[in-house]
Each structure stands twice: as structure tokens, then as C-alpha cells.
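The values are calculated or read from the model by the stated rules, or taken from the named source; none is laboratory data. This one's a predicted model, so the numbers in the text were calculated from it and none came from an experiment. Using ideal geometry, Cβ is built from the backbone for each residue, glycine included, and neighbour counts are taken over all protein chains shown. Ligands, DNA and RNA are excluded from the accessible area calculation, which covers all protein heavy atoms including side chains. Shrake-Rupley method; radii C 1.70, N 1.55, O 1.52, S 1.80 Å.
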Amino acid sequence: MCSFRMLKIICFLFSCYELSYAGTFWQVTDLHWDKLYSRTGDPHNMCHGHNITHDNGAYGNIQCDASKKLYRSSIKAMSQFAPEVDFILWTGDNAPHIKYPNETWPDVFETLTTTSTLLKTYFPSAIILPVLGNHDATPSDQFPSDDSDFYNLILTNSNWSIFIADETSRNTFLQGGYYSRRIDDSLKILVINTCIYMHGNNLVNETNSDPSGQMGWIEDELEDSRKFNTKVIVTGHVAPGYFPDSGNDLNLFPTYNDKLIHLMANYSDVLLALIFGHEHIDTFRLLSNDKGEFKVPEIGRASCRERV
């Protein structure tokens, strides 16, 4: 019986699948480490500056991004609760909510390299699977299609090359920030770049039917998994569907949202779960296939600061 354990809130999701593989994994997401966080900063201005009448505390204020102490202690605590995990889904957004030009590429790279080092230090034997979040680029939300220079900039300045090392994974990452990783013969992880489909990404529009060829790649990977009876976890940063409590606001451009959901539904027999970050709240959804049968669980996770 498959017995994956991440956080207790979702451990039951995987208990109904008969697999030869059993193991444990973590998801860490939306750390949003802010170097400018101040205990005496204005909570209405990201806890920046100095307001001597107010103390935000060493571990932060829920209205602000994560302090250094919260950021580092969260990763350390992961290793204390479950040190021997098989893999870690690191689902994006490491930099704070600071707008360009006040945030530069070196600022983004510092958050990525520091988190890479911490995860590798505390989990030396785990497979670490980094995912691009919309704040892992500057300006935020801007992700081009078929721009190997852009994705190589991230790969070579983030320490991610130690995690995305084989030639095939590297090539697809350079094409559009996505790749796959086989955990064992019965389980594969697809790491997808949904930031490229986001509302607000001015570098892509819906006239491009398949930015960076990612949709075609996803279908090929899922078809291959079906052929060889391999189960798949799909992970990304921004989930398809509607943003919670937002009415009719889709996370992604409608064309890409519909294509992605249709693709996932068509391969519901292959998929174990879809796991995302971005929303800063815990969510659980079910995606149905074309027959209206609910088959695929989709999970969104809270950020570091909402765990305070």
C-alpha cells in the first residue's frame, strides 16, 4: 500500500493507490524571505523601515513576508519533524513581494541559492525538485516562451543545476522551465512551469497555442507513463482553476487553463495528485474527467508567513 506522508492534512490522499513504491516527501512553498524585514517596521508597508512603537517579533508579522529567522527555522524544523524523506517538492516563490526595479536579479538569486543550500544541507539524501514561482523572476510574473538565455540565467545562478543535472531535464528546463524526474519504476514527478500561462505575464499571449512546447511535452510524458504503468505527481506553482474566494477570476489565461485541465482529466488514470503553491492558503479540489467522474486531487498550500 502506498503510504506517502507530507503534512498530516493530506496524507490520506495517497492511501487508496496500490503501488510498489512507498515513501515520504515534503512540500515547501512560498517562503518569501524578505531581507528588509524589520521588527520595528511598518506592518502596512511590508514591515520595512522603523516604527519604534511596534514590534513585529523575531518570527514575523502575518501581514508581511518572512523574516530571516522564520525562513531559516522553517526549513530546519522540516528536518526535525521528518529528516529522512525521499523527495522534496519545492514549489516556488522564494523572493519577497517587492516590485521591480526595487528588486534585482541578484536579490532573486540570493533567495534561490540560499534556499538551495539550506535544503541540501538539511536533506542531503533527498531528491529536491525546484519549481519556478512567479516571484522567482524580476520583474515578477514575466516568463518568456522558448528563451533559453532566460532560463539558463536562472539555472546557472540559483544552484539548481545540482538538482536538474541530467541532459534531458536540463534541455526541457532551458526550453521553458519544466522537467521530469523518476523516483523509481512506479512513480514519476512532472515539474511544470504554470507561471508562463499566468494572467499578468506580458511575454506570452493566447495566440501562442503551446508556449515553450510544454503542453505537448506534458501529454507525451503522461502517455509514456500510461504505457509503462507508472503513476505521476504533477507539481507547479500556480494551479489551474479559480483563485479561492475570488469569484470568477482564473489563475491562468482561459485557453491555457482549459487545455491544462482537459489534459489532466484525460490522464486521470495515471495521476496521483496535482500539487501547487502560490495561493497562501490550504486548498483541496477534485478534477473530474470527461465523464464527470472525480478522479484527480489538486492541492494548494499555504505560504511560510501564513504558518506563523
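Residues in the stretch 88-104 that are modelled with pLDDT under 95 and hydrophobic (A, V, I, L, M, F, W, C) were compared, and the one that is surrounded by the fewest Cβ atoms within 10 Å (Cβ to Cβ) is 98. May I ask you to verify whether residue 269 is open to solvent by 10 Å² or more (accessible area, probe 1.4 Å) and touching a residue at least 24 places away in the same chain (Cβ under 8 Å)? Yes, satisfied.
So which of 139, 101, 96 ends up being within 21 Å of residue 73 (Cα to Cα) and in a loop (DSSP other than H, G, I, E, B)? Working first, answer last.
Details: 139 fails: within 21 Å of residue 73 (Cα to Cα); 101 fails: within 21 Å of residue 73 (Cα to Cα).
Every option except 96 fails the conditions.
Is there a residue in the stretch 25-39 that is of a type in the set (Val, Ile, Thr), modelled with pLDDT under 95 and within 19 Å of the chain's Cα centre (by Cα)? Yes, because at least one residue in the stretch 25-39 is of a type in the set (Val, Ile, Thr), modelled with pLDDT under 95 and within 19 Å of the chain's Cα centre (by Cα). The set of residues in the stretch 201-244 that are in contact (Cβ under 8 Å) with a residue 60 or more places away in the chain and either open to solvent by 10 Å² or more (accessible area, probe 1.4 Å) or in a loop (DSSP other than H, G, I, E, B) (or both) comprises 201, 202, 203, 204, 208, 213, 231, 236, 237, 238, 239. Of the set (1) part of a loop (DSSP other than H, G, I, E, B); (2) touching a residue at least 40 places away in the same chain (Cβ under 8 Å); (3) farther than 19 Å from residue 107 by Cβ, all apply to residue 165 but (2).
Taking the listed residues 155, 118, the one that is open to solvent by less than 10 Å² (accessible area, probe 1.4 Å) and modelled with pLDDT of 95 or more is 155, with no other qualifying. Inspect the stretch 117-132 for any residue being in a helix (DSSP H, G or I), under 22 Å from residue 192 (Cα atoms) and not basic (Lys, Arg) and give the result as yes or no. Yes: the stretch 117-132 contains one or more residues that are in a helix (DSSP H, G or I), under 22 Å from residue 192 (Cα atoms) and not basic (Lys, Arg). So is residue 191 open to solvent by less than 10 Å² (accessible area, probe 1.4 Å), farther than 21 Å from residue 144 by Cα and of a type in the set (A, V, I, L, M, F, W, C) or not? Against the criterion (open to solvent by less than 10 Å² (accessible area, probe 1.4 Å), farther than 21 Å from residue 144 by Cα and of a type in the set (A, V, I, L, M, F, W, C)), residue 191 does not qualify.
Sub-6 Å Cβ pairs linking a first residue in the stretch 99-110 that is touching a residue at least 60 places away in the same chain (Cβ under 8 Å) to a second residue that is among the hydrophobic types (A, V, I, L, M, F, W, C) and part of a helix (DSSP H, G or I), at least 6 apart or interchain, number zero.
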